[in-house]
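Single-structure report; data block below.
The values are calculated or read from the model by the stated rules, or taken from the named source; none is laboratory data. On a predicted model such as this, the values are computed, not experimentally measured, just so you know. FYI the Cβ positions are ideal-geometry reconstructions off the backbone, even for glycines, and counts take in every protein chain you see. Note: accessible area is taken over every heavy atom of the protein model, side chains too, but ligands, DNA and RNA are not part of it. Shrake-Rupley method; radii C 1.70, N 1.55, O 1.52, S 1.80 Å.
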Amino acid sequence: MSLGALRPSPLVEQATEHLREQITGGEWPLGTKLPGETALAKSLGVGRSTVREALRALAGAGLVQARQGSGVFVIATEPREDWSTRLRQAAITDVYEVRMLIEVEAAQLAARRRTEDDITALHEALATRRDAANAGNAEFVGADIALHQAVVAAAHNPVLTSLFTEFVPVLQRRLLDLVELLSLRSDDPNHGDAGHADLVNAVVQGDAEAAGRALRDELQQTLAQLHSL
């Protein structure tokens, strides 16, 4: 079977896509052993190193698996979605429900574990959010999320930090949509300042219960607005 010679650069991406199409299109069904690197390289018109990188990418997508001494086999006919892709495709209300679980716990941990550096960072983040009240929606939303990131960082749990970092791109885009759709800042450019001040104060004072409550109240209000759309 000839796959057709490829155009120059980017060869790895093109090789990966061609091989992916053979799998998802049914040319190589589940359990099929792929041709060897030399045969694939000849069919695609590329070097073996390019084929090797393409196969590595397909393995990362969960489509193929190399078996020692046996070759490379098709183990799935649909690529595995990574976490970032699932987040981008998820309903924002679902994202917010999970965000609430993560951030409320993070706020409570932050109140117990915050350091002097964290306290400084939190005060600075709150001040930056207040300054952003005089700016456009995009800058305001960015400052809002940065404050939440400072709270999560104060929990000193790298897993929580990594999880929240994955949420940031989705949250930034969806929050901006929400602010603009509901004109949340038309009457109050510093929308939500009191709640964020309560959150920062609770973390600084080491009151875990109050920190969790302040964050839960804020996110529940936003979630209610999202459900109303």
Carbon plus sulfur, as percent of the 1.4 Å-probe accessible area of the chain, comes to 50
Residues whose built amide H sits under 5 Å from the amide H of residue 64, excluding neighbours closer than 5 in sequence, are 59, 75
Cα extents of segment 70-205 per principal axis, largest first, Å, are 61, 37, 21
Answer in debye to the nearest 20: the dipole magnitude of segment 7-72 about its Cα centre, from +1 Lys/Arg and -1 Asp/Glu charges placed on Cβ, is 220
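Run the dipole for the chain about the Cα centre, Lys and Arg Cβ at +1, Asp and Glu Cβ at -1, nothing else charged, and hand back the magnitude in debye, nearest 20.
Dipole about the Cα centre, nearest 20: 1320 debye.
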Out of 203, 168, 181 - ranked by how far each Cα lies towards the positive end of the dipole of segment 157-216, with unit charges on the beta-carbon of charged residues - the top one is 168
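When ligands, DNA and RNA are left out and all protein chains stay put, how many square angstrom of accessible area per residue does segment 114-199 have with a 1.4 Å probe? List each step's numbers first, then the result.
Values: 4170 Å² over 86 residues.
The answer is 49 Å² per residue.
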Summing -39500 (n - 2.57) over every DSSP H run of at least 4 in the chain, dividing by its residue total and rounding to the nearest 500, the 222 nm mean residue ellipticity is -22500 deg cm²/dmol
Looks like segment 147-214, by Cα gyration tensor root eigenvalues a ≥ b ≥ c and the a/c under 1.5 rounded cutoff (else prolate when a/b is bigger than b/c, oblate otherwise), is oblate
A convex hull over the alpha carbons of the chain yields, per residue, a volume in Å³ of 176
Between the alpha carbon centres of segment 10-37 and segment 87-147 the gap in Å comes to 43
